[in-house]
Amino acid sequence: MRRALRLRVESALGSAAVGRMARYRIRGKRLILAYHGIVPEGAPSAGERSLFVSQRDFAAHLDVVTEIGDVVALDALDAPGNGRPRVAITFDDAYRGAVNEGVQELARRGLPATIFVAPGRLSDHVFWWDALSNGGAALDDAIRHHALHGLGGSDERVRAWATRIRLPSSDAVPAYAQTATPAELRAALDFAGITVGSHSWSHANLAALSALDIATELERSRDWLDAAFGERAIPWLAYPYGLDSEETHRAAAKAGYAGALRIGGGWHRAIDVPRLARPRLNVPGSLTVAGFRARLLGVMQP
Ligand SMILES: [Zn+2]
């Protein structure tokens, strides 16, 4: 859809009459939002743009969400509600901007959220997709497909391949687009309602690994988070790249995860979806606030 037309449609869909209808449809349902990075006020854009939402837009999203439903902790999402829609907020990857500025916006409003951490990639790590985007490589479908499925989403393997075929790449991204340190995560956990979950150990494509390697990725990450953050580490998993398989579901169950999240999908009832393949609504950086509101009201499919 052309941008101007899309904006008009989005704003019409946010109107009062449509809003009432939509609210009826989402009554009593659950929604898990998937964010990645947050760009602090005034900072330049960097990395894979679609993964970064501006701090200002994120703050506006929180106002929209709290108006439409109740924001609850992820591990309380399925508790019986009062009929109002219930929404959990999640961040993947532990980007510094999300851990600092994102959590500040939540704390200001007293809202809970869960940060999904790949412990093997903490402390100033630049993810391969951000390095390639930042270097000017167009992350088209062919590159992405080979990186995720041919190279298992492994940072080391993708970077080695990119060097070999001379894809432009740059690790010179602003601090907000690098990963946070354990100390920064600990500071975020000072705020009531902020928790961490597992995003595997190394952010591999779990669906491309052997059963033994999946188990190692899930158990090592779980053990590290438990040791570092105690009860603020909840037994929930977000599949890296949103990619899962029957094998990953089995491994997640065996490793003791209570829930595991994909990327894609939206409002649901817990009884209608597999516990270890729950849908999430991904929030891309390009989405307008009106578009976000329309998606939340369930009137536009993600
Ligand atoms: Zn991720």
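The values are calculated or read from the model by the stated rules, or taken from the named source; none is laboratory data. Here the structure is a predicted model, which is why all the values come from computation and not from measurement. Note that we place each Cβ from the backbone using ideal geometry, even for glycine, and neighbour counts take in every protein chain shown.
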Checklist entry - In the range 107-131, what residues are within 14 Å of the ligand (Cβ to nearest atom) and assigned to a loop (DSSP other than H, G, I, E, B)? => result ALA118, LEU122, HIS125, VAL126, PHE127
Checklist entry - Can you tell me which residue in the range 200-217 is nearest to the ligand (Cβ to nearest atom), limited to those that are of a type in the set (A, V, I, L, M, F, W, C) and part of a helix (DSSP H, G or I)? => result LEU206
Checklist entry - How about the range 188-202: which of its residues are farther than 17 Å from LEU74 by Cα and either free of Cβ contacts under 8 Å to residues at least 12 places away in the same chain or touching a Phe, Trp or Tyr at 6+ places or on another chain (Cβ under 7 Å) (or both)? => result ASP190
Checklist entry - What are the pairs, 6+ residues apart or on separate chains, where a residue within the range 166-186 that is touching a residue at least 60 places away in the same chain (Cβ under 8 Å) has its Cβ under 6 Å from a residue that is of a type in the set (D, E, K, R) and crowded, with 17+ Cβ neighbours inside 10 Å? => result VAL173/ASP130; ALA175/ARG96; TYR176/ARG96; ALA177/ASP130; GLN178/ARG96; THR179/ARG121; ALA180/ARG96
Checklist outcome for this item: From the option list ALA113, ALA175, ALA187, ALA183, single residue qualifying as surrounded by 17 or more Cβ atoms within 10 Å (Cβ to Cβ), at pLDDT 95 or above and among the aliphatic types (A, V, I, L, M) is ALA113
Item to check | Members of the range 226-271 that are in a strand (DSSP E or B), buried (at least 17 other Cβ atoms within 10 Å of the Cβ) and within 16 Å of the ligand (Cβ to nearest atom) | outcome: TRP236, LEU237, ALA238, ALA260, LEU261
Checklist entry - Within the range 44-96, restricting attention to residues that are out of contact with any Asp or Glu (no Cβ under 9 Å at 6 or more places or on another chain), in a helix (DSSP H, G or I) and farther than 17 Å from ALA113 by Cβ, which residue is farthest from the ligand (Cβ to nearest atom)? => result GLU67
Checklist entry - Looking at the range 39-59, which of its residues are surrounded by 18 or more Cβ atoms within 10 Å (Cβ to Cβ), among the small types (Gly, Ala, Ser) and touching a helix residue (DSSP H, G or I) at 6+ places or on another chain (Cβ under 8 Å)? => result ALA46, GLY47, ALA59
Checklist entry - If GLN104 passes every condition in (1) surrounded by fewer than 24 Cβ atoms within 10 Å (Cβ to Cβ); (2) within 14 Å of the ligand (Cβ to nearest atom); (3) over 30 Å from TRP161 (Cβ atoms) but one, which one does it miss? => result (2)
Checklist outcome for this item: Within the range 27-43, the residues that are touching a Leu at 6+ places or on another chain (Cβ under 8 Å), more than 15 Å from the ligand (Cβ to nearest atom) and not charged (D, E, K, R) are LEU31
